[in-house]
Amino acid sequence: MIRFLAHRGHWEAAEERNTSAALRRAFVGGFGVETDVRDHCGELVIAHDKPNGTELSFADFLGLLPSDVPADALPLAINVKADGLAADVATAMSGRPAGSWFAFDMSVPDLLAYVRIGLPAYTRVSEYETDPVALEACRGIWVDAFNRDWMDFARLHAFLDRGKGIALVSPELHRRDPQDFWDKLRSDGLWRRSGVFLCTDFPTKAQTFFGL
């Protein structure tokens, strides 16, 4: 059954994105989270853009996870925004089961570094990247759609059949109405399969729409 990743947390206003309030709200609501990681002065921090030193530390972000909930109940999608962080990410995530998180969006050389040391990594496809790099070595695929809803559901089913997870980027992340895509996703039945994530700005709305 589909699982939801709250994009930069469950925020109520744009300025809340990637803040402790939005991230905590997502966890309290039972949602997984997609968030952004960079480094600042030798420390991992939560930052989509160039950090300035005011960001939430990655360690404090992990500290927001409730201790009384199984790790795999609140999956984490770590959008890696800078190269060379594989060892630091490995250290920070060493206490979490591999099935409870994945890293994605690294450059190809950096993706291979994550794979090489055994970290759960997702490769990616989009309308501009039709063939996923290092698919066999990766646990899944980040499926993006920057300018149009191009997604081939038959191909997505085929990825799942090969044992790969898929994380779908909902259209509102690129400022498009998600309703048509959500309708297609529900009618196709892909959402009923295990290993499917939907990264969305509207986790509560999505949960209601899919009846979960």
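The values are calculated or read from the model by the stated rules, or taken from the named source; none is laboratory data. Here the structure is a predicted model, which means the values were calculated and not measured. Cβ atoms come from the backbone with ideal geometry, glycine included; neighbour counts cover every protein chain shown.
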Quick check, is Val33 within 14 Å of the chain's Cα centre (by Cα) and under 13 Å from Ala82 (Cα atoms)? no
Which listed residue, of Thr91, Thr130, is part of a helix (DSSP H, G or I), more than 22 Å from Trp11 (Cβ to Cβ) and either without any contact (Cβ under 8 Å) to a residue 12 or more places away in the chain or among the aliphatic types (A, V, I, L, M) (or both): Thr91
Report the residue count in the stretch 154-210 for those that are part of a helix (DSSP H, G or I) and hydroxyl-bearing (Ser, Thr, Tyr). 3
Kindly indicate whether any position in the stretch 60-74 is under 26 Å from Gly195 (Cβ atoms), touching a Gly at 6+ places or on another chain (Cβ under 7 Å) and small (Gly, Ala, Ser). no
Considering only the stretch 142-153, I want to know if a residue exists there that is over 17 Å from Met1 (Cβ atoms), part of a helix (DSSP H, G or I) and of a type outside the set (D, E, K, R). no
What do you reckon, is Arg186 at pLDDT below 95, farther than 22 Å from Val108 by Cβ, more than 18 Å from the chain's Cα centre (by Cα) and of a type in the set (Lys, Arg)? no
In the stretch 2-53, what count of residues is obtained for those that are within 16 Å of Cys199 (Cβ to Cβ), aliphatic (A, V, I, L, M) and surrounded by fewer than 16 Cβ atoms within 10 Å (Cβ to Cβ)? 0
Of (1) among the aliphatic types (A, V, I, L, M); (2) part of a loop (DSSP other than H, G, I, E, B); (3) under 22 Å from Asp105 (Cβ atoms), Met1 fails just (3)
For the stretch 157-202, the count of residues that are surrounded by fewer than 16 Cβ atoms within 10 Å (Cβ to Cβ) and in contact with a Pro (Cβ under 7 Å, 6 or more places away or on another chain) equals 1
Could you tell me which numbered condition Ala154 fails, if it satisfies all but one of (1) exposed (fewer than 11 other Cβ atoms within 10 Å of the Cβ); (2) under 14 Å from Thr200 (Cα atoms); (3) of a type in the set (A, V, I, L, M, F, W, C)? (2)
Could you list, in sequence order, all residues of the stretch 104-123 that are crowded, with 21+ Cβ neighbours inside 10 Å, outside any loop (DSSP other than H, G, I, E, B), free of Cβ contacts under 8 Å to residues at least 40 places away in the same chain and out of contact with any Cys (no Cβ under 7 Å at 6 or more places or on another chain)? Leu111, Tyr114
Subset of the stretch 75-130 (residues that are among the aliphatic types (A, V, I, L, M) and at positive phi): none
Is it true that some residue in the stretch 56-66 is surrounded by fewer than 20 Cβ atoms within 10 Å (Cβ to Cβ) and within 27 Å of Trp191 (Cβ to Cβ)? yes
